[in-house]
Structure formats: structure tokens, C-alpha cells
Amino acid sequence: MREVKFQTPLRIYSQDEKLIAEFGEKRRTPINFSEIPPQFTHALTAAEDSRFFDHFGIDIKGLTRAAFQLATTGKIQSGGSTITMQVAKNFFLTRERTFTRKFMEILLALRIEQELSKEEIFELYINKIYLGHRSYGIQAAANVYYGKDIENLSLAQHAMIAGLPKAPSAFNPITNPSRAIERRNWILKRMHSLSFINDQQLEEATKSPVTAKYHTSDIELRAYYVAEMVRKNLYDKYGENLYTDGYKVYTTLDSSLQSSANVAVSNGLIAYSERHGYLGAEAKWDLTQESMVEIQKKLNKTISYGVLKPAVVLSTGDKEAELLLKDGEKATLKWEGMSWAKPYKSVNRVGKSPKKASDIMATGDLIRIREKDGELHLTQIPKVQGAMVALNPQDGAIVSLVGGFNFTHNKFNRSTQAVRQPGSNFKPFIYAAALDKGYSAASLINDAPIVFHDKKLEGNWRPENSSKKFYGPTRLREALYRSRNLVSIRLLRAIGIDTAQSYLDLAGFDRTKLPNNLSLSLGSADVTPLQLVTGYASFANGGYKVNPYFIQRIENSFGEALHTAKPLTVCSECTEEIPNKAPRIYDEKVTFLTYNIMQDVIKRGTGRKALVLKRTDIAGKTGTTNDQKDAWFSGFNRDYVATAWVGFDQPTTLGRREFGGTAALPIWIDFMREALKEKPENAPSPPEGIVSVKIDPKSGKLAYPGQSDAIYEFFRKPNIPRGYASPSSSRQSNAAEELF
């Protein structure tokens, strides 16, 4: 019995010990005798066994009384059971009411008293007993009925819980409050007669109202996609015991970053949905055919999805609507909160602006609302989906992960399971491979029309830039931050597809799933957001390979560590080999140059919206696939690397004005605003072998003496341009540009 394992649910926490999820049918939190409040001990012994600490396992007076009742009435009215006898019954016997079982109960109780102390027996009892609403043990019951630990309950609440073991359903304060009060007050009087409480305590406690209500597990952090990842990962190892053996799993999630990611994804998808018009009511209820009581019941059963709450329209005025909310509340939706709702026509077209509330909704409409700037705002459940995952690039720890708009609404985890094309989000790997092969940020590549005749591409291929324009010879730096497709294609053709695939393979992408043609340069591979952000981590950490992980530590029910993560960790200053040192996969000079170029994506390229963060250390890349079916943004500094994706589960266009910088980048910005709020600037310094020289921005050659429009560029020493630009060629380039 000292080695008994109580069935305790699996609990999953963030790294800072915020409860994420609980899996298991039985809610139980075992506690030690020293953690039981003396007041509760008095309440329980008064109710169940007042002489518990004095007898030797059986109470002769209690058994005699039970025998007398049986002899005089012919019925078993009380079993005369002590707490020790109940422990014997609960652990070893059935609940049948027979003399044989009672005899066995007495024998076992005597043996238990010989082997265990009174404190050990009492501890077994209070952790084993069923107390209603899936709660087993007094700690779980305190949390279920009052949302507090047992030590924080009042005298009246202690007495209420002490009354439950006799009949958890009959004396339940939620389902049967009147009988629960009778039982509680009887226990309080017993405590008074035994001198456990005084007159004043008795009077105050018996006058206390019933305050019990059902409390679900106190989930402190919304990270259901990660919780399911943990459950699935551990079930393969522990099987059904996972739900009963009391394991505690501490993930790598940072609760503040996870909360930021939740809000960022939710706001980003709602904003997209509202940009494209109002889809209309979820349902229409006939308020003339059903009573308001029935309407309220239906509404209370309607699920809320995150910040999106259901409401029923009771009436509409000219510029406002009266709403019925859950739990009987009523509220007014003002015009400012609904005027956005132009009718949805298609992803590319909306209807006319509404003039009055009745243009938008009607009495009986089931709608969704959320709070925005302290006021109610009409909204809707987005049909579009999204994902966001952020890592610590130094060791691969997943600090936040969101797999969709809402786990309750749709459990598919898009961060780990959605295989989509990354578009231009893939280009930095192609450019880094070119830099590694001797190209520089100033190398000129021609941005001009090209047609490919390739059987692998199923006919002629005429790639274009998203602007439908061509810009002629373009420096590699500018081509990346402006996301020029034709330059990327020519660059890939120059270095070779095999070279690029090898470079991507090093970053963790499955080479067998990479296209073996030039479309690779435009991101036609199939990847998940988690794979993409892991690849980007190598740019953020100086060229090291880290593996993403989300389980930091696993403990058993006794608090003993069963598993502690030992991730590959970046140690750029280490001069000797150490265990779990992350391997270098890319040259640090190449990753510095790539990082530096991607800073320009934000400073002057497709990611300019991120300038709102007012940081100089952030870098990244937008990505948009053909027909705007997928929108991406991946970005980082040396502290965090994050990828955001937006798209429909069944790939279809997001709309002609929706790009990586429009749909995905705002989500990344909202997350990074909070993630980097307390972080100092953390851009890398140029490593040894990198020099900065002035160049001519048109030719990429060294600037001539006194050139006024010269710019600084970083080079690896062997790649410094050998020739100087000429004043005449610079002037001719400027004149030619003016013609266009």
C-alpha cells in the first residue's frame, strides 16, 4: 500500500510552469498528510470516524451500534466502518453489502493498522475517495467545486467536502445544494460537539451560502496544438498508462510568447476575413416560435472560439442592434462595430457599404462578436487558416506554436502537418548557396525575360516577376530584397540545381522531396512551417544546424525526472568539442552576408511594414505562391526566428491583393513586437574575413574616387571587385534609367 499508484492524469506545462492541458478521466492531485489542513482533518473525522486517531482499526462502539440496528430493524443502516476499514474496502474489496465482505474488511483493517501509521492511512483515504464530478481525492475536489487548493478553503467549504464521501451524488453542492447544506451543517455541529470549533465559528459557517460551482481544469495557457503534439509523442512510448500514472511534462513553450502568438494569429486571420466582406449570419433562429428560455439554452450551448463569442440579434435600430449574449446578458452593438460589414461576393470583390444595421443583420440572426478597443465588434469565424511557429535559434526550442485559428474549431495542426509551397520564402537558401560558390552581394544578374523548353516542366515556361516588369542587370542584394524571380532562376541555373539541393539538405529539408528543376528557385518545394523556420534558424545563429524540440522535461508522479532534453546547442566560442554541440553547416561569412541582405528586405524591400518595430537587427523574407494561394513571412534576429503562414486548407487564391507582406507579415510583426519588447538590439557583427568597401550601385564595381552616389557593401575578401566604375558609365546608367 505504500507503493500504491493513484490514477492521476497527464499534465502538460509550459517551461515557466503554466498548465496547458490535462489528459485522463480521473481528476486527482495526491497530497501528503502534512499538506492537509488540520481543520479539514477535524471535519472529515467528525463526519466519518471521530475516534480514528485512537482506535486500532475497528471501532467496537460503531460495530456494536450497527449490529444493534440490524437486530432491531432487520436492515443494515450503518456499516460501523472506520476510515481504516474504508481504506481496506476501497483498495482491496468490492462494494457488496455482505457479512463475508465485512469480515474481510475487519481483518484487513487490523493488518493495515499493524503496518502503516495513522497519518499514512489517512493520506491513502483522502487521495483515493471519489467525491463527484470526476474528482478523486480532496485536492481535486477542492479545485473542482471551488477552484482553489484545499488549504485555501473556508471552514464551511471544508465541511462541505467532508460530507461528500458518504454519497457524492446525494450530497453534491452543485446538483443537490439543499441536501448538501444539511449534511454540511450536521458535520459542523459534530465538529462543535467534539470541541473542534467554537460557537462563533459554528454560527458563521452554518450561515454561509453554497458557493460551489463546477470548475474545469485551471488551464493557464492556450497551447492545445502543442499539447496534442506532446500527447501523441508520448502515447507511442507509454500507452494507456500515460493517462493514469501522473506524468508531468514541461514543454519548451514560453507562456508570454505563446500568448502573443495566439493573439497575433487570431487577429491576423480575423483581419483578413473582415477585409474580404461579411459572410452573413451563422444561423437564423425564429424568435417567434421559441421561448426566450429555449433560445438562451441554445445560445449557451453554442461554442465560443477564442475571442469570438456567439450572440443572437434581438432587434435592429438605424445604427445599432440589441443582442442577447450567453448567460442572459444583453448588449448593444454600435454602428462603429459593424459598419465594416460589406457583403462578401468573392475573395476579390465585396458589395456596397451598408447604410444601416438592417442591411447587415436581422432579428434572430446568430452572429459572432468580439471586444475591440473596449467596444463590441461584429466579426465572423474565418474560413482562411494560418499557422505560426517560433524557435530559439540557439538550440531549436519551440517557444511558441499555433497550428490554426482555433483548436476546438479545427484540430489539424498546420505548423507541423500542412505541406505547402513556400514561394519566395525559399530564395534565401538559393542566394546563400550562390554566395558560398563565389558570388557577392554586388554580383550583377540580368533581370530579363526568359523562356524555358524543359520536358520536366511540362512544356514552355515563361516565368515573370510579380510586378510583371523586368529591370535588367541587378545586384544580387537588390534582387533578393525586391524578390526578383528572373534573377533567382538565373542564379540557380548558374550554380546548378544539385548544388542548391545539397545546400537545402544541410538545413534539414528532405532532398527527395525537392523539385529537380529550376522552379526550385521560386519555392515550388513542399514544406511545413516548422521545417521552414528550422532552416531559417541557421541564418539567425551563424550557420549552425539545430533540431526543433518541444519537450523539455518529463517527471513521474513522485517528481523524479524520467527525461531531460539534451538539444544540439550553438556554441560558437567553444574551442574544443563538447557534447551536444550543434554542427556548423554553413560558412559564418556566408550566413552573415545573407542575414545582412535580408535586413534590407525590411529596410527597403517587400517587408517594409516591419519598420514599425523600429529595430535594425531584424531580417526576413516574404513569400507568395502562384495565384496568391499561400502567403508567408519568415524573419528573425539572433534571439528568435519565426515563420507565419496564411492560406486556405484546400488551396485556392487568397485574393489578388493578398501577398506575404499583406497577409502573413502583420502576424509576424504582432508576435515580434511582444517577443522583442525587452530585448536589446542583437544583430551579428561582421566576422573575420568580411570587409566593407564603397561600390558603384549600378555596376557593382568599386566606386571611383569622389563618386557621390557610392554605397557601402560587404564582401568576403576574395570576392572584392577588381575593377573600378568609370564616371562616364555611371552617368550613362543614370541617363538610361531616366528614359524608363
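The values are calculated or read from the model by the stated rules, or taken from the named source; none is laboratory data. Quantities reported herein were computed from a predicted structural model and do not represent experimental measurements. Positions of Cβ are backbone-derived with ideal geometry, glycine not excepted, and every protein chain shown enters the neighbour counts. Remember, those area values only see protein heavy atoms, side chains included, never the ligands or the DNA or RNA. Shrake-Rupley method; radii C 1.70, N 1.55, O 1.52, S 1.80 Å.
Things to note:
- Within the range 392-410, not a single residue is open to solvent by 40 Å² or more (accessible area, probe 1.4 Å) and charged (D, E, K, R).
- Members of the range 310-321 that are assigned to a strand (DSSP E or B) and of a type in the set (D, E, K, R): Glu320
- Among residues that are among the hydrophobic types (A, V, I, L, M, F, W, C), out of contact with any Ser or Thr (no Cβ under 8 Å at 6 or more places or on another chain), crowded, with 16+ Cβ neighbours inside 10 Å and over 30 Å from Asn185 (Cβ atoms), Ala227 is included.
- Residues considered: Asp199, Asp218. Of these, the only one that is surrounded by fewer than 16 Cβ atoms within 10 Å (Cβ to Cβ) and within 30 Å of Ala21 (Cβ to Cβ) is Asp218.
- Glu228 vs. criteria over 25 Å from Val384 (Cβ atoms) and in contact (Cβ under 8 Å) with a residue 60 or more places away in the chain: no
- Out of Ala205, Ala212, Ala159, Ala170, one residue alone is touching a residue at least 40 places away in the same chain (Cβ under 8 Å), surrounded by 13 or more Cβ atoms within 10 Å (Cβ to Cβ), in contact with a helix residue (DSSP H, G or I) (Cβ under 8 Å, 6 or more places away or on another chain) and not in a helix (DSSP H, G or I). It is Ala212.
- Contacts under 6 angstrom Cβ, first residue in the range 427-453 being open to solvent by less than 10 Å² (accessible area, probe 1.4 Å), partner part of a loop (DSSP other than H, G, I, E, B), 6 or more apart: Ala442/Gly700; Asp447/Phe470; Asp447/Tyr471; Asp447/Arg484
- Number of the exception - Val533 against (1) at pLDDT below 95; (2) part of a helix (DSSP H, G or I); (3) under 26 Å from the mean Cα position of the chain (by Cα): (1)
- Residue satisfying condition, being among the polar types (S, T, N, Q) and over 31 Å from the mean Cα position of the chain (by Cα), within set Ser415, Ser400, Ser424, Ser440: Ser440
- Enumerated strands (runs of 3 or more DSSP E) restricted to the range 627-730, each holding at least 3 residues that are open to solvent by less than 10 Å² (accessible area, probe 1.4 Å): 630-636, 641-647
- Inter-residue pairs, beta-carbon under 6 Å, first closer than 23 Å to Arg28 by Cα and open to solvent by less than 70 Å² (accessible area, probe 1.4 Å) and in the range 558-577, second among the hydrophobic types (A, V, I, L, M, F, W, C) and in a loop (DSSP other than H, G, I, E, B), 6+ apart: none
- Residue selection: Asp600 satisfies the criterion of being modelled with pLDDT of 95 or more and in contact with a Lys or Arg (Cβ under 8 Å, 6 or more places away or on another chain).
- When the range 475-524 is limited to residues that are more than 17 Å from Gly438 (Cα to Cα), among the hydroxyl-bearing types (Ser, Thr, Tyr) and outside any loop (DSSP other than H, G, I, E, B), the one that is farthest from the chain's Cα centre (by Cα) turns out to be Ser519.
- Candidates Gly523, Gly543, filtered to the one that is small (Gly, Ala, Ser), buried (at least 24 other Cβ atoms within 10 Å of the Cβ) and touching a Gly at 6+ places or on another chain (Cβ under 9 Å): Gly523
- Checked against the criteria, Glu240 counts as at pLDDT below 95, in a helix (DSSP H, G or I) and surrounded by fewer than 22 Cβ atoms within 10 Å (Cβ to Cβ).
- Thr288 vs. criteria out of contact with any strand residue (DSSP E or B) (no Cβ under 6 Å at 6 or more places or on another chain) and more than 14 Å from Ile360 (Cα to Cα): yes
- For the range 95-128, the set of residues classified as open to solvent by less than 40 Å² (accessible area, probe 1.4 Å), in contact (Cβ under 8 Å) with a residue 40 or more places away in the chain and more than 20 Å from Phe56 (Cβ to Cβ) consists of Ile126, Asn127, listed by residue number.
- Any pair with Cβ under 9 angstrom, 6 or more apart, that starts in the range 50-68 at a residue that is at pLDDT below 65 and ends at one that is open to solvent by 60 Å² or more (accessible area, probe 1.4 Å) and assigned to a loop (DSSP other than H, G, I, E, B): Gly62/Arg51; Ala66/Ile76; Ala66/Gln77
- Considering residues of the range 251-309 that are of a type in the set (A, V, I, L, M), more than 27 Å from Leu221 (Cα to Cα) and assigned to a helix (DSSP H, G or I) only, the residue least open to solvent (accessible area, probe 1.4 Å): Ile295
- For Glu737, the test of being at pLDDT 95 or above, of a type outside the set (S, T, N, Q), open to solvent by 50 Å² or more (accessible area, probe 1.4 Å) and outside any loop (DSSP other than H, G, I, E, B) is failed.
- Pick from the range 231-263, criterion hydroxyl-bearing (Ser, Thr, Tyr), touching a strand residue (DSSP E or B) at 6+ places or on another chain (Cβ under 8 Å) and in contact (Cβ under 8 Å) with a residue 40 or more places away in the chain, ranking: farthest from Ile554 (Cα to Cα): Ser260
- Condition check for Lys189: part of a loop (DSSP other than H, G, I, E, B) and either surrounded by 15 or more Cβ atoms within 10 Å (Cβ to Cβ) or basic (Lys, Arg) (or both): no
- When the residues of the range 17-49 are filtered to those that are open to solvent by less than 70 Å² (accessible area, probe 1.4 Å) and part of a loop (DSSP other than H, G, I, E, B), the one that is modelled with the lowest pLDDT is Lys26.
- Filter result for the condition that a residue is touching a Leu at 6+ places or on another chain (Cβ under 8 Å), over 28 Å from Pro718 (Cβ atoms) and among the small types (Gly, Ala, Ser), over Ala582, Ala631: Ala631
- Which listed residue, of Lys609, Lys621, is out of contact with any Asp or Glu (no Cβ under 6 Å at 6 or more places or on another chain), open to solvent by 50 Å² or more (accessible area, probe 1.4 Å) and not in a loop (DSSP other than H, G, I, E, B): Lys609
- Neighbours by Cβ (under 8 Å, 6+ apart or cross-chain): first from the range 317-333, under 16 Å from Val307 (Cβ atoms) and basic (Lys, Arg); second open to solvent by 60 Å² or more (accessible area, probe 1.4 Å) and not in a helix (DSSP H, G or I): Lys326/Lys309
- Residues located in the range 28-52, provided they are among the aromatic types (Phe, Trp, Tyr) and closer than 19 Å to Tyr145 by Cα: Phe40
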